[in-house]
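Enquirer: Dropping the structure in here first, questions after.
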Amino acid sequence: MRKFLVVLDDSRECLNAMRYAALRAAHTGAGVTILSVIPPEAFQHWMGVGDLMRAEARERIEAHFEVFAKWMRDKQGVNPQLVIREGNPVTEILGLVNDDPEIGVLVLGAGTEKAGPGPLVTAMTRSSGSLPIPVTIVPGDMSKDRLEKIT
C-alpha cells in the first residue's frame, strides 16, 4: 500500500500537512506514516537526566500523535503509523524513505513567516532532486475548506 509520510513537529504548519496527508490517503486508499524526530542535542546531559528527557519527549510525541490519529481514524478512516527517530530531521526523513518502500509521497507544511517556509522545507527542497519520491508542500495558511476541495 502506498503511504504518505508527514512530519510531526511543534510548527503551526504541521497541522495543514497532517490534514492534507490524511485527506489524500482517505481519497486514494493509501496510508499515512507520521514521523517525529527528536534532535540528539536534546539529551546532552548526564546519562540519567538524558534518559528521563528522552522518555518525556517520547510521551509528548505520542500524546500529540494521538490527537491527530484519532481525527484521522474518526473522520477520514485512516489509521496512521507513528515512527519516532532520534537524529537530524533531514537525515531521518531520508533514512525512513529509503527503509520503507511503501512511502510514496513526503508531505511538508510551509511556514508563513517572512523568513521563509521553514528550515525543514528549505532543507528538503535542496535535496528534492535526489529524493526517490515526490515532495508535496502544503501552504501553512491554506484554509481547511480549501484543503478539502483540492484533495
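Readers should treat all values here as calculations from the given coordinates under stated rules, not as data from a laboratory. Note that this is a predicted model, so its numbers are computed, not measured. With ideal geometry, Cβ positions are generated from the backbone for all residues, glycine too; neighbour counts draw on all protein chains shown.
Enquirer: Using the count of nearby Cβ atoms within 10 Å as a rough guide to exposure, how do I150, I93 rank from fewest to most?
Expert: I150, I93
Enquirer: Can you give me the long-range amide H partners of I103? Hydrogens built in the peptide plane at 1.01 Å from N, cutoff under 5 Å, separation of 5 or more residues or another chain.
Expert: For I103, the qualifying residues are K3.
Enquirer: Mind listing the long-range amide H neighbours of L82? Cut-off is under 5 Å, sequence gap 5 or more, other chains count too, H placed in the peptide plane at 1.01 Å from N.
Expert: For L82, the qualifying residues are I34.
Enquirer: Something else about it: What's the angle, to the nearest 10 degrees (0 to 90), between helix 47-71's Cα axis and the longest principal axis of the chain?
Expert: That helix lies at roughly 20 degrees to the long axis.
Enquirer: Could you run the Karplus curve 6.51 cos²θ - 1.76 cosθ + 1.60 with θ = phi - 60° over segment 127-132 and give me ³J(HN,Hα) per residue in whole Hz, x for Gly and Pro?
Expert: For segment 127-132, the Karplus curve yields 8, 4, x, 10, 6, x Hz.
Enquirer: Length gain on complete extension for the stretch D141 to V67, per 0.36 nm per residue less the alpha carbon to alpha carbon distance?
Expert: Extra length available between D141 and V67 comes to 24.6 nm.
Enquirer: Would you work out the charge dipole size for segment 25-151 about its Cα centre, treating the Cβ of every Lys and Arg as +1 and the Cβ of every Asp and Glu as -1, and quote it to the nearest 20 debye?
Expert: Computed about the Cα centre, the dipole is about 380 debye.
Enquirer: Which far-off residues, 5 or more places away or on another chain, put their amide H under 5 Å from the one on G87, with H placed in the peptide plane?
Expert: Under 5 Å from the amide H of G87: I38.
Enquirer: How large is the direction-averaged shadow of the alpha-carbon convex hull of the chain, in nm²?
Expert: 9.3 nm²
Enquirer: Continuing with the same structure: Would you calculate, for the chain, the mean residue ellipticity at 222 nm contributed by helices, counting each DSSP H stretch of 4 or more residues as -39,500 (n - 2.57) and dividing by all residues, to the nearest 500?
Expert: When only DSSP H runs of four or more count, the value is -14000 deg cm²/dmol.
Enquirer: What nm distance separates the two modelled labels at D51 and T112, each placed 7 Å from Cα along Cα→Cβ?
Expert: Those two pseudo-labels are separated by 4.4 nm.
Enquirer: A follow-up question, please. From the residues G116, V32, T91, which one has its Cα farthest along the dipole of segment 1-117 in the positive direction, the dipole being from +1 and -1 charges on Cβ of Lys/Arg and Asp/Glu about the Cα centre?
Expert: Final value for the positive-end residue is V32.
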